[in-house]
Each structure stands twice: as C-alpha cells, then as structure tokens.
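Here the structure comes first, spelled out in structure tokens, and everything after it is commentary.
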Amino acid sequence: MDEEIKILAQQIVKKIDRKVRSAIKSDSHKLSKTIDIGADGTPTKYIDKIAEEVALKELKKSKIPVNLLSEEAGFVDFHGSYVFILDPIDGTRNAMRGIPFFSISLAVGKKMLSDVSYGIVKNVATGDEFIAEKNQGAFYNKKQVVIPDMPASELLFSVSIGKYNDSITRTITNQNVIRSLGCASLEMCMVAIGALDGYIVGKEFLRVTDIAASTLFVRQAGGIVANKYGKKLDMSLTLDERTSVIATGNQHLVDSISRDFMI
C-alpha cells in the first residue's frame, strides 16, 4: 500500500472527525435535518452531508487521484487507481440522538471487497480508532489485536433487530445473550477485539460502504466474515449490492449460525 494513500485516508478521517465534533457542539439542532436523498436512495441527514463534503474537498485538492464511493454521493471518479469506500457517519441515528456509538468508516480498495488493503474505523464519540492493513494486522488504538479463537462460555452476539429482523434472527436472539448497537462497522470491530463473540445481520441490507473497513479489521485480527449461509463474504465496490453478515472468531461458530439460516 502506497504510504501517501494511507496518509490521505488518515487525514480525511481526522478532518471529518473534527468537523462532526464541531457540528455536534454548535449545530446539534441541525443534525437530524433531512437535506437530500443519497445515491443509495435513503435520506441524507445534515450530519452525513457535512462529513462527506470534507472527504470530497480533500480528494479534489489532493495531488494523488483517488476515487470515492460514498452512500450519499455515490461513485465519484477522480481517475485514480484506488477507491476510498466511505461511510461518512455509520450509526447516524445514534449520532443524532446523542448515543455515543457512531463512526467514520473509510477503506481503500480497487474493485472488490476482497482487495481492500487498508481501513480505518473511528468511534467519533470516544476517539477509539481501529486500523487494519492487509498482511500487516489489525490495531486498536495502535495496539495490535488478535481475535479470541474460543468464544466466551456464554455467547454474546450483536444482531440487527427491528425492521431488519427475520424469523431466524429472532430464534438466535431467544437462545443467546444479545445486544443491538446500531453501528455495523463498530459492532464488527467489537468482535475483533473480543468484546462480542459475533455480529449477525440476517437480512441482506448492508452495503459495502457499511462494512469494507471493518471486514478487513476482523480478517486481519484472525476472524471470519461470511454471509448468512457461511460463504466467505465478497462483493463489488458499488452501491448496487446488499448483503447479510456473520462476523466471528472461528469457523465452528460461523457453521453453527449459518446452519440455522439454511434450514
């Protein structure tokens, strides 16, 4: 990975973080205002827009051409060989309501999730930072982490519930200790550091912008990211695909969860 690309990614995350923190302090009444419809077809909130504008501004003035894929702007072609896969604010509802669990997620790839080579997930509320580089490892606040191969004796899963729930996920929630935290990128990183034993999304609704950086983080920590049928997750770097997710520390747990979905 080109060092200049990594530095550019770090700078963008840092500047988005600064902008969002400032907006929370000075414009908190505007955060939930819908100001547009994003490229993904969902409403764009003020907080998402100001975060994305930081990335666009930095990429436009960068001497290194890097393309952008973001939920709000879609694909922006700057004629680069790399793509920054950005979720400017993952966990927008948490951010709008003052729940301290929302992130900036930025990954660097070319065409597919499997070729993502660098990723940053930052919890804006706490300052915690998760950085991964392909073949170099996963680092939580600059300390390398390795996912526990053996889960806790009492499994703790984070799952997507509510309108993104399904019957199989409801069965899983009835059998285990469950959390639903509302920020896919951070929830997957929690799996990688051992705070959770697994993250499960049974419905196919996550886009690559939600999970590109955190997928690399989990895998570089030694974990597994699959779809609900247990197949290793891969997808194109577009907004066209949606996916289910199982993220855990070992194949046995993936197999156990995916069997429920294949019944």
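Any residue at all in region 129-141 that's more than 14 Å from the chain's Cα centre (by Cα), part of a loop (DSSP other than H, G, I, E, B) and within 27 Å of Asp48 (Cβ to Cβ)?
Within region 129-141, one or more residues are more than 14 Å from the chain's Cα centre (by Cα), part of a loop (DSSP other than H, G, I, E, B) and within 27 Å of Asp48 (Cβ to Cβ).
Mind checking whether some residue in region 150-170 is under 18 Å from Glu187 (Cβ atoms), over 15 Å from the mean Cα position of the chain (by Cα) and assigned to a strand (DSSP E or B)?
Within region 150-170, one or more residues are under 18 Å from Glu187 (Cβ atoms), over 15 Å from the mean Cα position of the chain (by Cα) and assigned to a strand (DSSP E or B).
Looking at Leu239, Leu233, can you tell me which residue is closer than 23 Å to Glu133 by Cβ, of a type in the set (A, V, I, L, M) and touching a helix residue (DSSP H, G or I) at 6+ places or on another chain (Cβ under 9 Å)?
After applying the criteria, what remains is Leu233.
I need the full set of residues from region 77-105 which are surrounded by 19 or more Cβ atoms within 10 Å (Cβ to Cβ), closer than 23 Å to Lys6 by Cβ and among the hydrophobic types (A, V, I, L, M, F, W, C), in order please.
Matches in region 77-105: Val83, Phe84, Ile85, Leu86, Ile89, Ile104.
Suppose the filter is in a loop (DSSP other than H, G, I, E, B) and surrounded by fewer than 24 Cβ atoms within 10 Å (Cβ to Cβ); does Leu239 pass it?
For Leu239, the condition - in a loop (DSSP other than H, G, I, E, B) and surrounded by fewer than 24 Cβ atoms within 10 Å (Cβ to Cβ) - is met.
Filter region 98-127 for residues that are in a strand (DSSP E or B) and touching a Cys at 6+ places or on another chain (Cβ under 7 Å) and give the result.
Scanning region 98-127 gives Ser103, Val121.
Read-outs: derived from the displayed coordinates by stated rules, not from any lab. Here the structure is a predicted model, which means the values were calculated and not measured. All Cβ positions, even for glycine, are placed from backbone atoms using ideal geometry, and neighbour counts span all protein chains on display.
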